[in-house]
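Encoded as structure tokens, the structure appears first; notes follow it.
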Amino acid sequence: MIPEWVQDILTSKWTWAALALVVAYVLTLVGIVVYTWLERRGAAFIQRRPGPNRRGPYGIVQAVADAVKLATKEDVVPAGANKWLHAVAPMIGMTVALTIIAVIPFSGDFELFGQTFRLQIADMNFGFIFILAISSLAVYGVALGGWSSNNKYSLLGSLRSGAQMISYEISLGLSLVGVLLIYNTVKLDEMVIAQTGAIWHWGVVQAPMAFLIFLTSSYAEANRVPFDLVEADSELVAGFHTEYSSLRFGLFYMGEYVHMAVSAILTVILFFGGWHIPWAEEIFGSAPYVTLFPWLLFGAALVCLVIAWDTSRPRRRVHTRGNLLLAFLLVCVAGSAAALGGLYLAGDVQTEIPWLASICGMLTQVIVLVLKFAFFFWLFIWVRWTLPRFRYDQLMKLGWKVMLPLALLNIGVTGVLVLLGVL
Amino acid sequence: MGVKQIHRPPQNAWERLYVFEIARGLGITLKHALLSWFKPGHMPTYEYPEVKRPLAERFRGRHRIRKREDGSPLCVACYCCQTVCPPQCIDITAEESDDPAVMKRPREFKINLLRCIFCGMCVEACPRDAIYMSHDYELADRTREQLQLGLDDLLENQDNDEGEG
Amino acid sequence: MWEAIFFWGFGGLAAALAVLVIAMKNPIHSAVALIGNMFCLAALFALLDAHFLAAIQVLVYAGAIMVLFMFVIMLLNLKAEELGRSRRTLAKGLGLVLLAWVAVRFLAEFKGEALALPAVTEDYGTIESIGRLIFGPQILPFEVASVLLLAAILGAVTIAKKRLW
């Protein structure tokens, strides 16, 4: 049987909060390497060029080189800058984006030795408002950074950010009120649970208008194209971070990606069923994620094999090094994943070792969530290289004359439908 | 100066909703992304250091000076190119030639590539067709001095050139 | 124990930041100090189990109203030297007198023992209980406040726009 101390560790809520922290930070900080790579190569592919394809398989080590370059550059503080605020501003954006992660649930409830846990750092009874409150502080990073640089372009960027973020935060908050009416809760995990079962329980089907408004506003909140007037390279040099260099610029840059990651994961949790697979219970029985785990392992093994085959092809090895090493590692991973899956199936883990089974179910949920998250992260990049930037008056017009009335209308219609019992 | 009025094409209700038109735009970019991934050979990009772009026949790269059959420069140090050069990057020092058939020859023929604007007027001006512009365009170097071409630099490896005559 | 540490930490910080708001020369510094103060107040609310109120404090005051303050300050872009030195000694004197009066009143009322607060119920500070309070017994002040805000908005629009339609 399992020793006592292992049980103690497994049944401590600190363990699972720490694990949630690890998942969150891997998704964000370590993920930045993947995000920048995805952004640069995605942009390149959309524009029919190869992009960074020299360092490492598929050019993925390029992001590390970028980070090293940023870290070793000279940190220039412009003369006349407000030194204190200039230093603090980049931290605000990053801190805010990382704080929001605290309330995001990464898995559903799972039972261990008779106790219930969830992969969530802080289980607040107002998680949803917490997100709105904290993300409303993000504007200070941009605004103070631009103002403290003592540069006219930066100041213009930060003024724009102030107006833009205020405008879109209202539509963002109001669009979420509609969702709140449907789910009848403000706790994020309960919102995900409300989306169990059929695909029409998903928020995107129940509240499509709220979804569109939320998506648009979250792009505006993250200062991404088509709402990147805060940087607007063609008009404002680089907007609020014109005067930033070295790791301070890096912090702004990473903060933007973390913000995007948080927005993407919130979209999944609020509108796309979080960690749920539609009709999971109907198809896979009473404990669907536990049953699915070995098949997920087999699927992962297959994906690894396909990538290994692709990366070891001569065509992919023309400009890069380490492809064969990666392929070898991937084959090893694929083999062990398949072996584990086979063991899991053969050993009948579900009845023999219930604690392992519930952890495996939790892992499956995390992976499902991450897969959905990956799509919405790609959507950020995809939209960036598809749409042109708004003009400033168009931005304001869209925010106040289209999004705000639509969000209010959405609340009214949703409220009536909920009262009538349709939703 | 007349003001040119550009009338935007009218949008119907479907287009004014934007959502579906944005989806159509996303479809177009996705198509390009997938094409780039699955058919990288069809990209219009050259993988530069390995694959060089084919140059136009009349491309003007760095200068060369043709040689006579005995290997001495064809240049007769007439100073035509130096006179015509707009940024004045050519500096010739003439000396008397040993060959009785030739009056002068360059003792020094310096071209400052940092100044040169690659306009090709020296080639036009040359009465003997001695100077020409090669297809060599990879001219980056570590010091300024290395970009001051002398006579030896201008005479070297002419065999693999197919420069303008 | 922890509650006391957090209380004195955030309380002290809030008081210090409140002093900084009026002591700072640069209006942006004052605004930043005020934002910090709002944040500390929210933390104090959270310590009192009023979580919803804490979140709303950050959302509305630190996140929205102060952004507008800062927006206006940045738009004017006042420099510290342009503001000059304040010489209104009468205002200072009056302030000191008022402060002394508040201190005297406080010391007279303060008896060194904790106030007996009502016990925290199960649903204390939740959105539901606050909603019931606002839309139940307090409906009139709530609606009057919103009418007041509406009047302010209308006033601003009237002043800002010459022609209303």
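The rows are residues; the columns are (1) charged (D, E, K, R); (2) within 13 Å of chain A (Cβ to nearest Cβ); (3) in a helix (DSSP H, G or I).
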| residue | (1), (2), (3) |
| --- | --- |
| C:PHE10 | no, no, yes |
| C:ALA15 | no, no, yes |
| C:VAL19 | no, no, yes |
| C:GLY36 | no, yes, yes |
| C:PHE39 | no, yes, yes |
| C:ALA42 | no, yes, yes |
| C:ASP49 | yes, yes, no |
| C:ALA55 | no, yes, yes |
| C:VAL58 | no, yes, yes |
Review point. Does A:GLY51 meet the test of being crowded, with 18+ Cβ neighbours inside 10 Å and within 14 Å of chain B (Cβ to nearest Cβ)?
Key: yes
Review point. Tell me, which helices (runs of 4 or more DSSP H) wholly within the range A:24-122 include 3 or more residues that are more than 22 Å from A:PHE373 (Cβ to Cβ) and free of Cβ contacts under 8 Å to residues at least 24 places away in the same chain?
Key: A:62-72
Exercise for review: Go through the range A:190-211 and count every residue that is in contact (Cβ under 8 Å) with a residue 24 or more places away in the chain and part of a helix (DSSP H, G or I).
Suggested key: 11
Exercise for review: Would you check which residues across the range A:256-277 are closer than 13 Å to A:VAL204 by Cα and either without any contact (Cβ under 8 Å) to a residue 40 or more places away in the chain or not hydroxyl-bearing (Ser, Thr, Tyr) (or both) and list them?
Suggested key: A:LEU266, A:VAL268, A:ILE269, A:LEU270, A:PHE271, A:PHE272, A:GLY273, A:GLY274
Practice item. Answer yes or no as to whether A:TYR168 is buried (at least 24 other Cβ atoms within 10 Å of the Cβ), among the aromatic types (Phe, Trp, Tyr) and within 24 Å of C:ALA43 (Cα to Cα). Key: no
Practice item. Kindly list the number of the only condition in (1) on the phi < 0 side of the Ramachandran plot; (2) surrounded by 13 or more Cβ atoms within 10 Å (Cβ to Cβ) that fails for B:ASP98. Key: (2)
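Coordinate-derived values only; no laboratory data. The structure presented is a predicted model; accordingly, all values stated were derived computationally and were not measured. Note that each Cβ is placed from the backbone with ideal geometry, even for glycine, and that neighbours are counted across all protein chains shown.
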